[in-house]
Amino acid sequence: MPAENFYDQNNRYDLVLVICGHNKGRSIISEGFINDILEREQDRFPLTAGTYRAVSAGTRPGEGGINPQVVQVMSEYGIDVSDPNVYFSKGVDSEPIKNLGGKIRKAIIVCDDECHFPPELTHLGKPIPWKIPDPHGQDLERVREIVGIAREKVYDFLGGLEIELRDAEGN
């Protein structure tokens, strides 16, 4: 069952919850980049890499797998978001997310449409709005552009989080 591997993989870290509508495109892209960058670039983000990981969820989770064009473009960056034990559409109120709720420290809403912030997460404060265009139904070049937009936002976010953690340590 995907939820068990998902929980085991993410229970060791403080979490960033990336929220989107269907949890099949933008949120998966952002989750994939956050986790990949924190694994590959630990020297650049030493405090964040040792502390945080990302998970994603949807306010209206979709049926089926991750958007195939998203899978293809992310693979061009060397990031595999095709593993259904890790990357699967789940709701913000689903068991996998509820089980990790105590670990969620930050929330990002990547939608540019009707996404809403779940009331059960208001203790996190205001979510960070990214307003990334939806890759659903777009041609491959447009999906590449959208993935590039998300990647830039992830780097900006991780840089800010690194500064926040450094300041909290008093360094």
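Structural remarks
- Which numbered condition Val70 fails, given (1) surrounded by fewer than 16 Cβ atoms within 10 Å (Cβ to Cβ); (2) in a helix (DSSP H, G or I); (3) touching a residue at least 40 places away in the same chain (Cβ under 8 Å): (1)
- A single member of Val110, Val86, Val70 is aliphatic (A, V, I, L, M) and modelled with pLDDT under 90, and it is Val86.
- Whether a residue is under 15 Å from the mean Cα position of the chain (by Cα), open to solvent by less than 50 Å² (accessible area, probe 1.4 Å) and small (Gly, Ala, Ser) was assessed, and Ser89 passes this test.
- Search result, residues across region 26-44 that are open to solvent by 10 Å² or more (accessible area, probe 1.4 Å) and either part of a loop (DSSP other than H, G, I, E, B) or polar (S, T, N, Q) (or both): Asn35, Glu41, Gln42, Asp43, Arg44
- Hits in region 45-64 - residues which are in a loop (DSSP other than H, G, I, E, B), exposed (fewer than 15 other Cβ atoms within 10 Å of the Cβ) and among the small types (Gly, Ala, Ser): Gly64
- Within region 8-25, considering residues that are assigned to a strand (DSSP E or B) and more than 8 Å from the chain's Cα centre (by Cα), the one nearest to Val81 (Cα to Cα): Cys20
- Filtering region 23-73 to residues that are more than 22 Å from Asp167 (Cα to Cα) and aromatic (Phe, Trp, Tyr) leaves only Phe33.
- Candidates Leu100, Leu124 - the one that is open to solvent by less than 20 Å² (accessible area, probe 1.4 Å) and not β-branched (Val, Ile, Thr): Leu100
- Selection status of His136, surrounded by fewer than 18 Cβ atoms within 10 Å (Cβ to Cβ) and either assigned to a loop (DSSP other than H, G, I, E, B) or touching a Pro at 6+ places or on another chain (Cβ under 7 Å) (or both): yes
The values are calculated or read from the model by the stated rules, or taken from the named source; none is laboratory data. Small disclaimer: the values here were computed from a predicted structure and weren't measured. Counting neighbours? That spans all protein chains shown, and the Cβs are built from the backbone with ideal geometry, glycine included. All accessible areas refer to the heavy atoms of the entire protein, side chains included, with ligands and DNA or RNA removed. Shrake-Rupley method; radii C 1.70, N 1.55, O 1.52, S 1.80 Å.
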